[in-house]
Amino acid sequence: MQRIDLRSDTVTLPSEAMRAAMASAPVGDDQYGEDPTVRALQERIAGLLGKEAATFVPSGTMANQIGLKLLTRPGDDVVVGDEAHVVWHESGAAAANSGVQFTVVGSGGLFTAADLRAAYKPPGHIIFPPTTLVAVENTHNRGGGVVFPQEDVGAICAAARELGIASYLDGARLFNTAVTTGRSLAELAAPFDVVSVALSKGLGCPVGSLIAGRADDMVRAVRARRMFGGAMRQSGILAAAGLYALEHNIARLAEDHANARLLAERLADTRVQIDLATVQSNIVIFRVPEPLPDAATVVRRAQEKGVMVSAFAARTVRAVTHLNVDATQCRHAAEVLARAVSSD
């Protein structure tokens, strides 16, 4: 029985060509700034994002945590969208590492400049912590892979500047946003002070993310990376995978989006609750209402048939398409899931 793993786009395996690029990468000690492949990747990403510099880090969570460290002080307030990754999926790191609290606004991961203004807390207030940062996640994971409208992004970041606060983009899946919208990475990143992108999701690399912004901020980012235990040595072996992916794996993200759509449309024919309007990239999230089986049961039933998905809540399931599953496999997975959600 074949296994179709839709738990995440992080489960992808490097191709033989990517492995070859990694094996042949020129390397040096990155702590001394001497790894030529890491330097090449950082320069390439900074250029694509339209930022002065970039820093290679092991994970998207570390990138987010460095962003918080750069742009806040302990006791500050950070405005984020509903169910943001930095709140839900980083083991409380924001509180432990940077001592910040979050104000959640909007719904489904999206919010507006008006939401930011309403949530903003000025410095010097006798009771409230000062709002010093607004963070946007694009695409939004728990929002079902929804793309954050760029018009709202521009208005939010403009409001942030007016209010004197910083802006951060959790762009772990920003490559998916670029392919969906046809906008360049630089255009998507332009409104923000600091931006992160992941290589280990849709681009299929085994390890790595980058954080980008002003050159002086990236000097501080290197120190924060060290403080968080993310300093690496001959990390060009990993960076080479990123350089390969930038050349070969961006345009093909459209295939993942199409596969997610066919999966979602099949599920929409069942009794599950799914908002097809949010299926804009490679993530499908659906709710299994009573009297249908709960999420754990759906996951178990699907796994018994070789299809792996994730339970995101007691009655919520997530499936993510990626470069290691093709359209035929996704059609099969859709049929397996349609049977798994049956009350029979």
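The values are calculated or read from the model by the stated rules, or taken from the named source; none is laboratory data. Computed from a prediction, not measured in an experiment: that's the story for all the values here. Cβ coordinates were reconstructed from backbone atoms using ideal geometry, including for glycine residues, and neighbour counts include every protein chain displayed.
Below are the figures for this structure:
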quantity	calculated
Residues that are closer than 15 Å to residue 253 by Cα and free of Cβ contacts under 8 Å to residues at least 60 places away in the same chain, drawn from segment 185-210	199, 203
Among the residues listed as 320, 325, the single one being touching a Lys or Arg at 6+ places or on another chain (Cβ under 9 Å), modelled with pLDDT of 95 or more and surrounded by 18 or more Cβ atoms within 10 Å (Cβ to Cβ)	320
Residue satisfying condition, being β-branched (Val, Ile, Thr) and in contact with a Gly (Cβ under 7 Å, 6 or more places away or on another chain), within set 328, 297, 278	278
Candidate set from segment 56-92 (those that are small (Gly, Ala, Ser) and part of a helix (DSSP H, G or I)); member that is farthest from the chain's Cα centre (by Cα)	67
Matching residues, segment 276-316, being among the acidic types (Asp, Glu) and outside any helix (DSSP H, G or I)	290, 294
Subset of segment 25-52 (residues that are in a helix (DSSP H, G or I) and β-branched (Val, Ile, Thr))	37, 38, 45
Selection count, segment 237-264, where residues are without any contact (Cβ under 8 Å) to a residue 60 or more places away in the chain and under 18 Å from residue 285 (Cα atoms)	2
Tally, over segment 169-191, of residues that are within 13 Å of the chain's Cα centre (by Cα), part of a loop (DSSP other than H, G, I, E, B) and of a type in the set (D, E, K, R)	1
Test set (1) in a helix (DSSP H, G or I); (2) surrounded by fewer than 21 Cβ atoms within 10 Å (Cβ to Cβ); (3) of a type outside the set (Asp, Glu) - residue 239 fails condition number	(2)
Some residue of segment 18-36 being aromatic (Phe, Trp, Tyr) and either in contact with a His (Cβ under 6 Å, 6 or more places away or on another chain) or at pLDDT 95 or above (or both)	no
Whichever residue in segment 266-275 is assigned to a helix (DSSP H, G or I) and either in contact (Cβ under 8 Å) with a residue 40 or more places away in the chain or basic (Lys, Arg) (or both) and, among such residues, is surrounded by the fewest Cβ atoms within 10 Å (Cβ to Cβ)	266
Residue match in segment 114-122 (condition: aromatic (Phe, Trp, Tyr), more than 27 Å from residue 276 (Cβ to Cβ) and modelled with pLDDT of 95 or more)	yes
Out of 139, 112, 131, sole residue that is surrounded by fewer than 17 Cβ atoms within 10 Å (Cβ to Cβ) and in contact (Cβ under 8 Å) with a residue 24 or more places away in the chain	112
Residue within segment 84-96 that is polar (S, T, N, Q) and farther than 17 Å from residue 172 by Cβ present	no
